[in-house]
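Heads up: the structure comes next, in structure tokens.
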Amino acid sequence: MTKARPILSTSVGENQGVFHARDWVNFVAISLIWGASFLFIDIGLDAFEPGLITWIRVASGAAVLALFPKSRTPIDREDLPRIVVLSLVWVAVPFTLFPVSQQWINSAVAGMLNGGMPIFAAIIATLMLRTPPRGIHRAGLLIGFAGVVAISLPSIGEGSSQAIGVALVLLAVACYGLAVNIAAPIQQRYGSLPVMMRMLAFASLWTLPYALIGLPESTWSWSSFLAVEAAGSIGTGVAFVIMGWLVGSVGSTRASFSTYVIPVVALVLGVVFRSDTVAPIALVGTVLVITGAVLASRREA
């Protein structure tokens, strides 16, 4: 009888040196795609209720991944519990929380707060591996987080009504920090496609009831539908495959540093397309965010 593998375990990346060219391509792609997803959600909220947005994103992502033959690669039954947990903490819960939170905060703020995910990923990885980030990686973590705070403070300070939205985003980000850690071993074992496709398929079931509840309150809009569809097909389907590659290659903590660039993308798109205001301190924050991401890519000890 095969011994069950523990769900709450992690592993280091296959590449512990300086990022390869492919790692950098994946790093930048994730930053751009997920940075734009907050704008797409904001546009989706013009017509759709949060639950419907979440389900369209998740179901579209699952449908895209199902098109690839490799996504149907068999997975051992003892690894299915880990995939079920991932479907909750990496998809169903945070994907529900983000559109709900963006009813109180704008897309730029949501994207900025998402940049704090490496903090949670590093803390959880430290607990699992008992190996805290050191030296230049610790510096990158602190500098990048300082940038996220600098970008976020002006918007958060606009009113106490934003506190609920901020709290929901931080809860979603904490889920991401756990998910990238427990995803590393199973992704390295099977590759991205079979893991991500099953994870999204499970999550589409968990999020369907909330979508049905919000359906009567939603209206039809092509712009909202296309925005949410883009967030699903590209921002969920394609992006999860890319993130899976990155986690397997460089490890969960360094892969999570890609979220430090997301606030920059979300900020720019929010200003250009949704007329969000930008405080001078936020511009300083963008420099700190990029600096932290660069330091995070350096060779591991």
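Every number in this text was worked out from the coordinates using simple rules, so none of it is lab data. This one's a predicted model, so the numbers in the text were calculated from it and none came from an experiment. FYI the Cβ positions are ideal-geometry reconstructions off the backbone, even for glycines, and counts take in every protein chain you see.
Stretched out straight at 0.36 nm per residue, the stretch from PHE273 to THR131 would grow longer than its current Cα-Cα span by 46.9 nm. Computed packing ranks the peptides 221-230, 164-173 as 164-173, 221-230, most packed first, by mean other Cβ atoms within 10 Å.
Across the chain, Cα pairs under 8 Å and at least six residues apart give a relative contact order of 42 percent. Between LEU267, LEU153, LEU39, find the one with the highest GNM mean-square fluctuation for the chain; connect C-alpha pairs within less than 10 Å. Judging by the Gaussian network model, the answer is LEU153. With each label modelled as a point 7 angstrom along the Cα→C-beta vector, the PHE68-ILE164 pair spans 3.8 nm. Applied to region 30-41, the Karplus parametrisation 6.51 cos²θ - 1.76 cosθ + 1.60 on θ = phi - 60° returns per-residue 3J(HN,Hα) values of 4, 4, 5, 5, 6, x, 6, 4, 5, 5, 4, 5 Hz, with x for Gly and Pro. Between SER218, SER275, SER101, the GNM of the chain built on Cα springs shorter than 10 angstrom shows SER275 fluctuating the most. If you plug the beta carbon distance of ILE281 and ILE213 into 1/(1 + (r/R0)^6) with R0 = 45 Å, you get a FRET efficiency near 0.70. Peptides 65-73, 30-38, 183-191, 108-116, ordered by how many other C-beta atoms sit within 10 Å of their residues on average, highest first, read 108-116, 30-38, 183-191, 65-73. Rounded, prolate or oblate: which one fits the chain, using the alpha carbon gyration tensor with axes a ≥ b ≥ c (rounded when a/c is under 1.5, else prolate when a/b beats b/c, else oblate)? Note, shape of the chain comes out oblate.
For the chain, what does the helix formula give at 222 nm: sum of -39500 (n - 2.57) over DSSP H segments with n ≥ 4, over the residue count, nearest 500 deg cm²/dmol?
-22500 deg cm²/dmol
Descending by average beta-carbon neighbour count within 10 Å, the peptides 192-204, 124-136 line up as 192-204, 124-136, the highest first.
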